[in-house]
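Scroll down for the structure; my scribbles are underneath it.
The values are calculated or read from the model by the stated rules, or taken from the named source; none is laboratory data. None of the values given here were measured: they were computed from a predicted structure. Note that each Cβ is placed from the backbone with ideal geometry, even for glycine, and that neighbours are counted across all protein chains shown. Heavy atoms of the whole protein, side chains included, go into the accessibility calculation; ligands, DNA and RNA do not. Shrake-Rupley method; radii C 1.70, N 1.55, O 1.52, S 1.80 Å.
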Amino acid sequence: MSTRKIRSLGLVSVGVIAGVLLSVGLSAVAQRGSPLPLDELRQFSSVFSAIKNNYVEPVPDKKLISGAISGMLSDLDPHSAYLDADAFKEMQSATQGEFGGLGIEVGTEDGMVKVISPIEDTPAARAGIRAGDVITKINDTSTKGLSLNDAVKMMRGPVKTPITLTIARQGQAQPIVVKIIRDTIRVRSVRSKMLQDNIGYVRIAQFQEKTGADLVRHLKELGEKGAPRGLILDLRNDPGGLLTSAIGVSAAFLKPDTLVVSTDGRAPDSKQKYLSNPADYARGEGDYLAGLPAWVKTVPMVVLVNVGSASASEIVAGALQDHKRATIMGNRTFGKGSVQVILPISDTTAIKLTTSRYFTPKGRSIQATGIMPDVVVADTAEGDLFRMSREADLKRHLTNNRHGQPESDAKAKEEEPPLADTNKIFQFGTPEDFQLNQALNFLEGKPIQKAVPRPKSASTEPAGSAVKGK
């Protein structure tokens, strides 16, 4: 693999929580800093020797070393990890938008595998897998105590082969058994269409290598018959991806040389500022924003987010919110505000290491807090469909160490819409999409419906309290 290709990688392998990754060279990373702790390394050597010579069954040296590396990283934070050959290869494929599997992003909660988000137009989504589902069995194997990497490996497999997932779903008394046929997953990063009253709609499902260029193509198509009078950017259930793509998407709507995001960590090269210019988003591949229509910089905008919006999605939402370029609407985001670097340790393996936190243009740390929308709107008119864990709920998560966070932020993140008394699921971008309809109302200057619980004996009259849009 070329150095240039290694430097472009930035997506956690599919099947784990996606995050923003920066790429750095390997220059002296292992050499700088404090001297090696010789006493502790001798202790490690003694344990290695004891296992090798006395364990009930022979254990290959490679397995022992890999396990030790994995243990060191997994004990740090939820996003640092050892990428074995399979995981490293899949991560490289995922950044290009194509990989094999089911099409779900998963994390862990209380020792179980939990669905963060199904990816649109994949076998998992078509089978009815929902965000918030807990996978209790993979085929006949219980996931209780199973490591996330092992669970992901079990869900991988040759294309066109079957797999059975047993899931526990909030509000369902009995487990749900779902049979899925594995397939090649080709993630369509950007979708768009024109909605009523000449308002454009763009959905980004994941931040990949070509997301910025794809966004430009879709915006040009939306403006072929004249500039839209408003634009909705949908980042709901977008788990993140490449930092450069997040900068490029933000830059499409901001003035040149505007601060998009900054990072800060212990190492000098982890302290960076990223601006809306080609040097930070194009990386020598040509300025794909050069032909962007002028209306894109000024069109009234709403950005839709929810708890499944993480990392790169939060960078974009935070940048557009801080620069008052768009109104953020929906639910508080996931709160993934840490930066991981990918460090190859061989031709086929690597480590993913958290090295810094990132900050919005106004210096807000999103870590464990998330982006609070300007206008909170629930999933449906009756409330949210489910509660999901956020970054702050993950074991060993990094704290938000930026002092001076407004007290209102801490209070607001606890103010969540009620849970809806319904299991009805809708697709984003359809007429049944309550949050999308409220974004349309906002851009048209109509009242916005704020979800309230519907009494069980309620009539068919619309639920919700009104808030006036622009």
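Per the Debye formula with a single identical scatterer at each Cα and no solvent contribution, what log10 I(q)/I(0) holds for segment 230-372 at q = 0.18, 0.20, 0.21 Å⁻¹?
Computed log10 I(q)/I(0) values: -1.03, -1.23, -1.33.
Could you give the size of the charge dipole of segment 252-401 about its Cα centre, using +1 on the Cβ of each K and R and -1 on the Cβ of each D and E, expressed in debye and rounded to the nearest 20?
420 debye
Leaving out ligands and nucleic acids, and using a 1.4 Å probe, what accessible area per residue does segment 35-180 come to in Å²?
The answer is 54 Å² per residue.
Determine, at each q value in 0.21, 0.24 (inverse angstroms), the log₁₀ of I(q)/I(0) that the Debye formula gives when each Cα of segment 67-147 is one equal point scatterer.
Ignoring solvent entirely, the Cα scatterers give -1.22, -1.34.
Size of the dipole of segment 38-160 about the Cα centre, Lys and Arg at +1 and Asp and Glu at -1 on the beta carbon, nothing else charged, in debye to 20?
380 debye
Each residue of segment 183-195 in turn: what ³J(HN,Hα) in whole Hz from Karplus with 6.51, -1.76, 1.60 and θ = phi - 60°, glycine and Pro shown as x?
8, 6, 9, 10, 7, 8, 5, 10, 10, 7, 6, 9, 9
Which aspartates and glutamates, on any chain, are close to K255 with Cα under 20 Å apart, when same-chain ones fewer than 8 places away are left out?
Partners found: D214, D280, D287, E314, D322.
Could you give the length gained by full extension between D39 and A267, i.e. 0.36 nm per residue of separation minus their alpha carbon distance, to one decimal place?
Roughly 79.6 nm would be gained on extension.
Could you name the aspartates and glutamates whose alpha carbon sits less than 12 Å from that of K352, not counting residues in the same chain fewer than 8 places away?
D77, D84
What ranking do 294-300, 35-41 get when scored by the average of other Cβ atoms within 10 Å per residue, highest first?
Most protected by this proxy first, the peptides run 294-300, 35-41.
Under a straight-distance cross-link criterion of Cα-Cα below 16 Å, which lysines are reachable from K193, leaving out those fewer than 8 residues away in the same chain?
In chain and number order, the partners are K220, K225.
Between K89 and A50, what FRET efficiency comes out of the Förster formula 1/(1 + (r/R0)^6) with R0 = 45 Å and r the beta carbon distance, rounded to 0.05?
0.85
Rounded to the nearest 20 Debye, what is the dipole magnitude of segment 175-216 about its Cα centre when Lys and Arg each give +1 and Asp and Glu each give -1 at the C-beta?
Taking the Cα centre of segment 175-216 as origin, the dipole is about 200 debye.
Using r as the Cβ-Cβ distance of A294 and M72, and R0 as 51 Å, what FRET efficiency do you calculate, to the nearest 0.05?
Result of the calculation: an efficiency of 0.50.
What distance in nm separates the simple spin-label points at K225 and S147, each placed 7 Å from Cα in the Cβ direction?
Going by the 7 Å Cα→Cβ label model, 5.5 nm.
Of the peptides 253-260, 218-225, how do they stack up when ordered by the mean number of other Cβ atoms within 10 Å, highest first?
Highest to lowest by the protection proxy: 253-260, 218-225.
Determine the alpha carbon to alpha carbon distance for each of K62/K395; K362/K424; K153/K271; K52/K336 and list only those over 30 Å.
Going by Cα-Cα distance, K362/K424; K153/K271; K52/K336 fall outside the 30 Å limit.
In what sequence, largest accessible area first, do T161, T108, T263 appear using a 1.4 Å probe?
Result of the area sort, largest leading: T108, T161, T263.
So what are segment 226-290's ellipsoid semi-axes, whole angstrom, largest first, if each one is the square root of 5 times an eigenvalue of the alpha-carbon gyration tensor?
24, 16, 11
Measure off, as a whole percent, the carbon and sulfur share of the 1.4 Å-probe accessible area of segment 246-299, all protein chains present.
Of all accessible area on segment 246-299, carbon and sulfur atoms account for 54 percent.
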